[in-house]
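In what follows, a single structure is set out as structure tokens and then discussed.
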Amino acid sequence: MTAPTVKLLINGEFVESKTTQWRNVVNPATQEVLARVPFATPDEINAAVASAKTAFKTWRKTAIGARARIFLKYQQLIRENMAELAAILTAEQGKTLPDAEGDVFRGLEVVEHAAGIGNLQLGELANNVAGGVDTYTLLQPLGVCAGITPFNFPAMIPLWMFPMAIATGNTFILKPSEQDPMVTMRLCELALQAGIPAGVLNVVHGGEEVVNAICDHPDIKAISFVGSTKVGTHVYNRASLAGKRVQCMMGAKNHAIVMPDANKEQTLNAIAGASFGAAGQRCMALSVVVLVGEARQWVNDLADKAKTLKVNAGTEKGTDVGPLVSCAARDRVESLIERGVADGATLVLDGRKPLVPGFEQGNFVGPTIFDGVKPGMSIYDQEIFGPVLCLAGADTLDEAIELINSNPNGNGTAIFTQSGAAARKFQEDIDVGQVGINVPIPVPVPMFSFTGSRASKLGDLGPYGKQVVLFYTQTKTITARWFDDSTVSQGVNTTISLK
Ligand code: NAD
């Protein structure tokens, strides 16, 4: 039996692509082919953008309350379909069912936030900036915007993008990851069911060529990208050159500092969850832990904690670590582990080729820990994106901060301590955009914005929250004076001053 095809969404219709180029969507625990995803043709991309351009004419003027009510309905539909969404996500991506629900839920929070667009898109007004003159701002939508998403959060990251873009009055082209587009498509079906009009949300599938066509398309005004640093840098440069507004959230190497006064049990639990959860395939995963002073003696305790995690298919009860997304991802992680050994790091726990009865074909790598990791080693310099934790040591907090600030990435970081003074020093001196204090994965909730920094981000404004309202709108500032017949003429004003 041939696998079902993933559809494009153009002008409110889910349509079969006419392309000759297809790729399989594969269950990473079993290698079962779940679906075939098309790589859209140039005509299909143009049709999607044309429908978004036409829809923008009416959508931009749709009442703010009408826009908000669609997202109120949408959040309800996502809640009602949570179990189905999580099951689709686990089948195509591999993460555990509870974590798949978490993926949907963190996106749902953005949808809830989008329902409050009436309060978020308010302008400002200053009364009497000069005699009889008021100045006020309008935050107006840009037009057709686009989003390009990675494989690791196929629900949350599309939901970071199109709800806020559409709530602010734009129309949207989404290009999901070709590795796991099915849950994204189910979310788009629910979005249409919630009342998003034809042409306001469109979906095209594909890889490099489709992304390049989006970067180059003259009718697309802004692009939000989340993915690897290599691709993000390319998208940023290409789309910026084409005159677009671009934001790119990219790769990471997130360090945590463990101070010797940290609560040991809580810290070990937090590190194990944040390093090995989702098989390490989170942009905010903790991949380096710097043990300070006496905490250096916790290496074996960390390994013991990691050994308690269960490696199995994401569908099985009690699973902590599911498979990696693809055979290629597993091969890459295994070869980086080999490089770590060759570079002289100490392999404390080797998770390669775990036995997973019933899922022998799955792309599994179990929790893996290296000690004695230093800059210059491949396992330190590269983003591994697997369940591999690198341990390093430092004598002081200052030395640990120095190590983190010397790393080019700035997505997330955390400190574990019971000292307010140490935590405050860390918060002040660390040069990373998202900081956890006894919180291992400090991804902000949507009243704030995602604020990765340095090499983990290009563009000034982050996804969701207040920043994304500015990203998806143009501020128009209006200075107005109204005369009535009794206003006394001041004559000609040849100065720049408002009188
Ligand atoms: P990826 O860069 O391979 O793919 C991202 C998107 O770019 C996909 O839609 C893909 O189709 C497209 N793409 C792939 N190759 C391309 C090319 N050569 N030219 C143009 N487009 C191309 O990323 P991924 O493997 O799907 O996701 C994992 C990466 O994403 C990791 O580096 C992770 O850190 C990063 N990520 C970052 C964040 C963040 O917020 N900073 C969040 C999630 C993931």
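Numbers below:
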{"item": "Qualifying residue in the stretch 169-184 (condition: polar (S, T, N, Q), touching a strand residue (DSSP E or B) at 6+ places or on another chain (Cβ under 9 Å) and part of a helix (DSSP H, G or I))", "result": "yes"}
{"item": "Within the stretch 221-249, considering residues that are within 30 Å of VAL290 (Cα to Cα) and open to solvent by 10 Å² or more (accessible area, probe 1.4 Å), the one farthest from the ligand (Cβ to nearest atom)", "result": "THR233"}
{"item": "Residue among THR494, THR475 that is in a strand (DSSP E or B) and loosely packed, with under 12 Cβ neighbours inside 10 Å", "result": "THR475"}
{"item": "Any chance LYS253 is touching a residue at least 60 places away in the same chain (Cβ under 8 Å), of a type in the set (Lys, Arg) and away from the ligand (no atom under 11 Å from the Cβ)", "result": "no"}
{"item": "Restricting the stretch 194-220 to residues that are over 26 Å from THR5 (Cβ atoms) and of a type in the set (Asp, Glu), the residue that is farthest from the ligand (Cβ to nearest atom)", "result": "ASP219"}
{"item": "Some residue of the stretch 108-129 being away from the ligand (no atom under 16 Å from the Cβ) and under 14 Å from the mean Cα position of the chain (by Cα)", "result": "yes"}
{"item": "Test: residue in the stretch 173-180 that is away from the ligand (no atom under 15 Å from the Cβ), more than 14 Å from the chain's Cα centre (by Cα) and either within 30 Å of LEU122 (Cβ to Cβ) or modelled with pLDDT under 95 (or both)", "result": "no"}
{"item": "Residue pairs meeting the criteria (Cβ under 7 Å; at least 6 apart or on separate chains; first more than 11 Å from the ligand (Cβ to nearest atom), in the stretch 268-286; second among the polar types (S, T, N, Q) and open to solvent by 10 Å² or more (accessible area, probe 1.4 Å))", "result": "SER275/SER287"}
{"item": "Where ASP431 falls short, out of the listed (1) at pLDDT 95 or above; (2) surrounded by 15 or more Cβ atoms within 10 Å (Cβ to Cβ)", "result": "(2)"}
{"item": "Checking TRP160 against (1) closer than 26 Å to ARG36 by Cβ; (2) crowded, with 23+ Cβ neighbours inside 10 Å; (3) touching a strand residue (DSSP E or B) at 6+ places or on another chain (Cβ under 9 Å), the condition it does not meet", "result": "(1)"}
{"item": "Hits in the stretch 120-151 - residues which are part of a loop (DSSP other than H, G, I, E, B) and either aromatic (Phe, Trp, Tyr) or in contact with a helix residue (DSSP H, G or I) (Cβ under 7 Å, 6 or more places away or on another chain) (or both)", "result": "GLN121, GLY143, THR149, PRO150, PHE151"}
{"item": "Checklist (1) within 18 Å of SER177 (Cβ to Cβ); (2) open to solvent by 30 Å² or more (accessible area, probe 1.4 Å) applied to THR58, failing item", "result": "(1)"}
{"item": "Residue within the stretch 306-322 that is buried (at least 23 other Cβ atoms within 10 Å of the Cβ), of a type outside the set (Asp, Glu) and within 14 Å of the ligand (Cβ to nearest atom) present", "result": "no"}
{"item": "The listed residue being exposed (fewer than 15 other Cβ atoms within 10 Å of the Cβ) and modelled with pLDDT under 95, out of ASP381, ASP395, ASP460", "result": "ASP460"}
{"item": "Test for PRO38: is it in contact with a His (Cβ under 6 Å, 6 or more places away or on another chain), touching a residue at least 40 places away in the same chain (Cβ under 8 Å) and open to solvent by less than 20 Å² (accessible area, probe 1.4 Å)", "result": "yes"}
{"item": "Identity of the residue in the stretch 1-12, more than 27 Å from the chain's Cα centre (by Cα) and touching a residue at least 24 places away in the same chain (Cβ under 8 Å), that ends up most open to solvent (accessible area, probe 1.4 Å)", "result": "THR2"}
{"item": "Positions within the stretch 329-378 being within 16 Å of the ligand (Cβ to nearest atom) and open to solvent by 70 Å² or more (accessible area, probe 1.4 Å), in sequence order", "result": "ASP331, ARG332"}
{"item": "Evaluation of GLY199 against (1) surrounded by 21 or more Cβ atoms within 10 Å (Cβ to Cβ); (2) on the phi < 0 side of the Ramachandran plot; (3) touching a residue at least 40 places away in the same chain (Cβ under 8 Å) (one fails), failing number", "result": "(2)"}
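The values are calculated or read from the model by the stated rules, or taken from the named source; none is laboratory data. Model, not experiment: these values are computed from the prediction. Reconstructed Cβ throughout: ideal geometry from the backbone, glycine too, with neighbour counts over all protein chains shown. Ligands, DNA and RNA are stripped out before the accessible areas are found, and what is left, the full protein with its side chains, is counted by its heavy atoms. Shrake-Rupley method; radii C 1.70, N 1.55, O 1.52, S 1.80 Å.
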